[in-house]
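The values are calculated or read from the model by the stated rules, or taken from the named source; none is laboratory data. Note that the coordinates shown come from a computational prediction; the quantities given were computed from them, not determined experimentally. Glycine also receives a Cβ, built like all others from the backbone with ideal geometry; neighbour counts cover every protein chain displayed.
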Amino acid sequence: MRTIGTQGEGWIAEAWKHLEAGGVLALPTETVYGLAACVNDPAGADQIFELKGRPQEKLLPLQMDSLARVRAWGFSLSPGAERLALAFWPGPLTLVLSRPPRCPPWFAPGGTTLAVRVPDHPVALRLLGRAEAPLAVTSANLSGEPPCLDAEAVARAFPGAPLLVLDGGRAPGGLPSTVVAATGEEPVVLREGPIGSARIREAWRGGP
């Protein structure tokens with residue numbers, strides 16, 4: 001395990017070198033630290049499941065740096081889903097959308113939907129801004145344990161793991177992102193987080 005700071009620009013190249021070699025990265029988001037891997041390389045995603053002890057049926061969500069990049073990668077958003085994205089991205093909102101055709105077949109095999117969000121953290125956004133494809137990102141913790149809020153907690157949770165940890169300071173913590181199924185005529189809140197159900201319904205319909 002190695003920990004590097006996130007000042008300047010050099011850390012971005014080092015982080016991508018690690019990811020493109022099939023490695024797993026720990027990075028801060030606006031809620032907690034996450035474990036990230038390239039969606040184009042099964043080795044990294046497999047490591048995340050192994051490190052966390054995460055059941056394979058719990059699919060990994062994706063992160064990208066902007067709504068424009070989400071669209072460009074092939075995700076299709078209904079008018080309501082688009083309004084949610086415009087209202088709450090970057091931020092703690094995860095949208096469950098129809099699976100894009102360009103998603104590698106090995107990733108979440110058999111699934112017809114994928115979860116995606118745009119995090120509101122400068123380190124995550126700078127890293128994702130260099131990505132041609134999404135990163136698979138889930139909270140940095142052993143399954144069933146509290147999520148890590150700083151680089152030191154990541155080191156304690158995964159001693160000896162082949163991780164590269166981006167030390168972006170302490171994450172705020174709090175509730176995990178609100179998860180909304182956004183493929184139908186109405187939004188379905190699958191997990192309520194910082195953004196409540198009432199705000200989701202209002203934004204879906206174009207309210208303030």
Does LYS52 count as surrounded by 20 or more Cβ atoms within 10 Å (Cβ to Cβ), of a type in the set (Lys, Arg) and touching a strand residue (DSSP E or B) at 6+ places or on another chain (Cβ under 9 Å)? yes
Restricting attention to the range 20-37, which residues are of a type outside the set (S, T, N, Q) and more than 16 Å from LEU59 (Cβ to Cβ)? GLU20, ALA21, GLY22, GLY23, VAL24, LEU25, ALA26, LEU27, PRO28, GLU30, VAL32, TYR33
Kindly evaluate THR112 against the criterion of being buried (at least 20 other Cβ atoms within 10 Å of the Cβ) and among the polar types (S, T, N, Q). no
List pairs: first in the range 138-160 and part of a helix (DSSP H, G or I), second of a type in the set (Ser, Thr, Tyr) and crowded, with 19+ Cβ neighbours inside 10 Å, Cβ under 6 Å, 6+ apart or cross-chain? VAL154/TYR33
Output the residue which, of all residues in the range 176-208 that are of a type in the set (A, V, I, L, M), in contact (Cβ under 8 Å) with a residue 24 or more places away in the chain and touching a strand residue (DSSP E or B) at 6+ places or on another chain (Cβ under 9 Å), is nearest to GLU14 (Cα to Cα). VAL179
Do any helices (runs of 4 or more DSSP H) lying entirely in the range 1-77 carry at least 1 residues that are touching a residue at least 12 places away in the same chain (Cβ under 8 Å) and among the polar types (S, T, N, Q), and which ones are they? 42-52
Answer with yes or no whether PRO105 is of a type outside the set (D, E, K, R), without any contact (Cβ under 8 Å) to a residue 40 or more places away in the chain and either under 19 Å from ASP41 (Cβ atoms) or surrounded by 19 or more Cβ atoms within 10 Å (Cβ to Cβ) (or both). yes
Residues being modelled with pLDDT under 95 and either part of a helix (DSSP H, G or I) or on the phi > 0 side of the Ramachandran plot (or both) - total across the range 185-208: 1
